[in-house]
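S.K.: I have a structure here, written as structure tokens, and I will follow up with some questions on it.
The values are calculated or read from the model by the stated rules, or taken from the named source; none is laboratory data. Fair warning: this is a prediction, and the values are worked out from it, not measured in the lab. Heads up, the Cβs are rebuilt from the backbone with ideal geometry, glycines too, and the neighbour counts pull from every protein chain shown. Please note that ligands, DNA and RNA were not included when accessible areas were found on the heavy atoms of the full protein model with its side chains. Shrake-Rupley method; radii C 1.70, N 1.55, O 1.52, S 1.80 Å.
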Amino acid sequence: MTRSRLTRLLECRRLLPLVAAVLFVLALRVPVWRITLTAPQYVDALVVELYAHPRIGGDWQEVRGLNKYVGFYYPDPVYAEPNYEPHEKAIDVPEWVLGPVVFLGMGAASAVVSLLPSRRISRGLSALFASSIAIFGAMGAIIQYRLYQAGHSLDPDAPLNGVDGFTPPLLGSYEVANISGTAWFGPGGYMLVGAVALLGVAVVFRDSTATVGDLPGLLRNGWERGRNRIRRRDSDDGSRQRTRDDGSDPAVETTDESTTVGEPADEPTPTGEPTDEPTVSDRSRPSPEGDPR
């Protein structure tokens, strides 16, 4: 019988984008970026957590007290009310409010692509993966530019004078005066990376109907052999569907399901062992006189 809708939904090229869609949405609820700061006046490290929407969590109040000494202020999202009061000299970051639009949009696009017809899903997955790389790569570049802008727009009236402009990295470590910082992914950042990675794996399977249940077999038996087996299964499904369309008896099966692609056929008779079957030379040799053959 033809494959059910549930089985089709379990195909890697469909299930992985659905999981990616969930990760994109969940990433909005947790910090996507985390900065850890250490300073001599603090025994424990301070942590600032930033979300994909205008919100800052963690020890942001203590860190704001450190930042004011060098004239580095939290950005102003302009079009939204954040959970902190932006400084009047803070740089404007209006694109921060677009974070939820991007994450929700990528989640919706991933869900839609997973439901595309088989003839269109390959192209849809390729476009979705390329778009995710381009969009999040552009977001990373914009954030890095804003960090450069903030680090080179220090308040000249700050209590600690003589601090040179600096560029905090999007990912990595840096030092300003006696403050050391490290920026890295938060939980939402790992979800984002995982979602894009899942889309990349789905692209690999874009022309295959392999399900998550087939993955162990693909890893165990080898990629090519597993793909051949999946193609053969799809061919059998197509043949049965055509048989039904022609009005033939669907119970009649013409394919031997017991033979798998890549497995050897029946073992040949070893050389030198006797066999009951006459050879071609035996049949063609004239019988001796008196031989009842």
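S.K.: Has the range 61-76 got any residue that is hydrophobic (A, V, I, L, M, F, W, C), in contact with a helix residue (DSSP H, G or I) (Cβ under 7 Å, 6 or more places away or on another chain) and closer than 28 Å to SER173 by Cβ?
M.R.: First, the residues of the range 61-76 that are hydrophobic (A, V, I, L, M, F, W, C): 63, 66, 70, 72.
Still in the list and also in contact with a helix residue (DSSP H, G or I) (Cβ under 7 Å, 6 or more places away or on another chain): 72.
Those left that are additionally closer than 28 Å to SER173 by Cβ: 72.
Yes: one or more hits.
S.K.: Taking the range 70-113 only, how many residues are modelled with pLDDT of 95 or more, small (Gly, Ala, Ser) and touching a Leu at 6+ places or on another chain (Cβ under 9 Å)?
M.R.: 5
S.K.: Let me ask something else about it. Could you please find all residues in the range 171-189 being hydrophobic (A, V, I, L, M, F, W, C) and buried (at least 19 other Cβ atoms within 10 Å of the Cβ)? Walk me through how you get there before you give the answer.
M.R.: First pass over the range 171-189, keeping only residues hydrophobic (A, V, I, L, M, F, W, C): 171, 176-177, 179, 183-185.
Correct list: VAL176, ILE179, ALA183.
S.K.: Among the listed residues VAL201, VAL212, VAL163, identify the single one that is at negative phi, open to solvent by less than 80 Å² (accessible area, probe 1.4 Å), touching a Phe, Trp or Tyr at 6+ places or on another chain (Cβ under 9 Å) and among the hydrophobic types (A, V, I, L, M, F, W, C).
M.R.: Details: VAL201 fails: touching a Phe, Trp or Tyr at 6+ places or on another chain (Cβ under 9 Å); VAL212 fails: touching a Phe, Trp or Tyr at 6+ places or on another chain (Cβ under 9 Å).
It is VAL163.
S.K.: Ok, one more. What number of residues in the range 53-72 are among the basic types (Lys, Arg) and within 22 Å of VAL163 (Cβ to Cβ)?
M.R.: 2
S.K.: Residues in the range 60-80: is at least one among the β-branched types (Val, Ile, Thr) and without any contact (Cβ under 8 Å) to a residue 40 or more places away in the chain?
M.R.: Filtering the range 60-80 down to residues among the β-branched types (Val, Ile, Thr) leaves 63, 70, 78.
Of the ones still in play, those that are also without any contact (Cβ under 8 Å) to a residue 40 or more places away in the chain are 63, 78.
Yes, the range 60-80 contains at least one residue that is among the β-branched types (Val, Ile, Thr) and without any contact (Cβ under 8 Å) to a residue 40 or more places away in the chain.
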